[in-house]
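Input: a single structure, listed below in structure tokens.
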Amino acid sequence: MNASKTALILGATGGAGGEIAAALLRRGWTVRALVRNAVRPGLDPRIDWRTGDALQAGDVLQAAAGVDVLVHAVNPPGYRDWDTLALPMLDNSLAAARANGARLVLPGSIYNYGPDAFPLLAEDDPQRPLTRKGAIRVAMERRLAEATDVRSLILRCGDFFGPGARNNWFAEMIKPGRPVRSLLYPARHDLGHAWAYLPDVGETVARLLEREGELERFARYHFAGHYVDGDALLAATRRATGNPALRLRAFPWWLTWLAGPFVVLLREVREMRHLWREPLQLDNRKLLARLGEEPHTPLDQAVAATLRGFGCLP
């Protein structure tokens with residue numbers, strides 16, 4: 001039990017932050033969360049919600065008073081203004097972690113890498129991204145590496161999916177809130193890709209934090225998750241929906257070029273196309289050496305829970 005441990009979650013209403021909060025609560029942690037409206041309906045009553053803004057250094061510092069861990073799982077909404085907001089938000093979290101001697105946790109991604117590192121990504125592989133968001137991710141991690149007076153933990157993951165996921169590829173493959181008629185797969189049907197089921201990600205972060213004494217100051221781990229192709233995702237979705245006639249359709253990349261100049265989300269999606277041109281997998285041997293195993297929900301169970309969370313199943 002970790003009844004004496006306290007964590008502050010930035011982004012606790014999102015997918016990664018929410019699942020990390022849930023995993024820590026299961027282990028007896030005291031969990032706080034910073035949110036713009038701490039009295040809005042539907043917030044988890046087990047969490048100590050604080051009103052504030054992650055872009056305001058004073059709000060983050062006040063909410064972080066006395067914490068052991070600060071989880072930075074917040075991003076500019078809808079991919080907007082990443083180039084001007086992402087690093088200032090992280091700087092606020094760094095300052096708060098420094099002031100409290102807390103470990104800073106950053107859920108990482110595969111955006112950091114360029115094709116020269118594909119298909120199997122290791123923690124120390126060169127990071128030469130082709131995209132603006134990838135460059136920002138590299139800069140965020142560099143901030144943590146250079147903050148030698150702050151302990152940090154990065155868990156790099158593939159594309160998130162799960163009941164609480166937001167702005168993710170799985171949601172682009174279906175139509176949330178409607179019965180599933182087909183899957184819009186962004187790659188060849190037989191091309192494997194790394195997917196990270198969010199409840200497993202939250203559990204992994206919690207288990208790593210339980211081994212605080214064994215972690216490096218700047219600790220980086222890769223989460224393998226589900227490495228599956230379009231055919232495997234289609235089969236799992238067919239079983240979850242009970243519809244063996246579901247088809248896999250090609251994602252309309254042409255639409256991202258046509259509407260990208262007018263729709264921010266589609267423009268940002270288009271920038272990530274290179275991640276779907278060849279197989280992409282994360283090497284989790286370092287994580288296995290630390291934990292002994294990686295939390296892993298079976299694919300059928302994970303896909304069904306995700307579809308229920310999106311309102312696609314009865």
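A few remarks follow.
- Verdict on Leu209 being among the hydrophobic types (A, V, I, L, M, F, W, C), under 26 Å from Asp68 (Cβ atoms) and more than 16 Å from the chain's Cα centre (by Cα): yes
- Candidates Glu172, Glu141: the one that is in contact with a helix residue (DSSP H, G or I) (Cβ under 8 Å, 6 or more places away or on another chain) and either of a type outside the set (A, V, I, L, M) or in a strand (DSSP E or B) (or both) is Glu172.
- Any hit, region 66-82, residues being charged (D, E, K, R) and crowded, with 17+ Cβ neighbours inside 10 Å: yes
- Single unsatisfied condition, Leu120 versus (1) at pLDDT below 95; (2) under 30 Å from Leu299 (Cα atoms): (1)
- Annotation: of all residues in region 56-65 being small (Gly, Ala, Ser) and part of a helix (DSSP H, G or I), the one that is surrounded by the most Cβ atoms within 10 Å (Cβ to Cβ) is Ala63.
- Scanning region 201-235 for residues that are within 22 Å of Leu120 (Cβ to Cβ), assigned to a helix (DSSP H, G or I) and not hydroxyl-bearing (Ser, Thr, Tyr) gives Val201, Leu208, Gly230, Asp231, Ala232, Leu233.
- The combined condition, being surrounded by fewer than 19 Cβ atoms within 10 Å (Cβ to Cβ), assigned to a loop (DSSP other than H, G, I, E, B) and touching a Phe, Trp or Tyr at 6+ places or on another chain (Cβ under 7 Å), is fulfilled by Asp125.
- The single condition among (1) crowded, with 16+ Cβ neighbours inside 10 Å; (2) farther than 30 Å from Thr237 by Cα; (3) β-branched (Val, Ile, Thr); (4) over 16 Å from the mean Cα position of the chain (by Cα) that Ile174 does not meet is (2).
- Sole residue being farther than 29 Å from Ala302 by Cβ and part of a helix (DSSP H, G or I), chosen from Asp91, Asp53: Asp91
- A single entry from Arg36, Arg32 fulfils the requirement of being charged (D, E, K, R) and at pLDDT 95 or above: Arg32.
- Qualifying positions in region 94-121 - part of a loop (DSSP other than H, G, I, E, B) and not aliphatic (A, V, I, L, M): Gly101, Ser109, Tyr111, Asn112, Tyr113, Gly114, Phe118, Pro119
- When residues in region 1-49 are screened for being surrounded by fewer than 17 Cβ atoms within 10 Å (Cβ to Cβ) and more than 18 Å from Glu210 (Cα to Cα), 12 of them pass.
- No other residue among Arg178, Arg188 is part of a loop (DSSP other than H, G, I, E, B), of a type in the set (Lys, Arg), in contact with a Cys (Cβ under 7 Å, 6 or more places away or on another chain) and in contact (Cβ under 8 Å) with a residue 40 or more places away in the chain apart from Arg178.
- Failed criterion for Ala165 (all others in (1) outside any loop (DSSP other than H, G, I, E, B); (2) buried (at least 19 other Cβ atoms within 10 Å of the Cβ) hold): (1)
- For region 25-36, the count of residues that are closer than 29 Å to Trp195 by Cβ, assigned to a helix (DSSP H, G or I) and within 14 Å of the chain's Cα centre (by Cα) is zero.
The values are calculated or read from the model by the stated rules, or taken from the named source; none is laboratory data. Being a predicted model, the structure only gives us computed values, none of them experimental. Don't worry about glycine lacking a Cβ; one is built from the backbone with ideal geometry, like all the others, and counts go over all protein chains shown.
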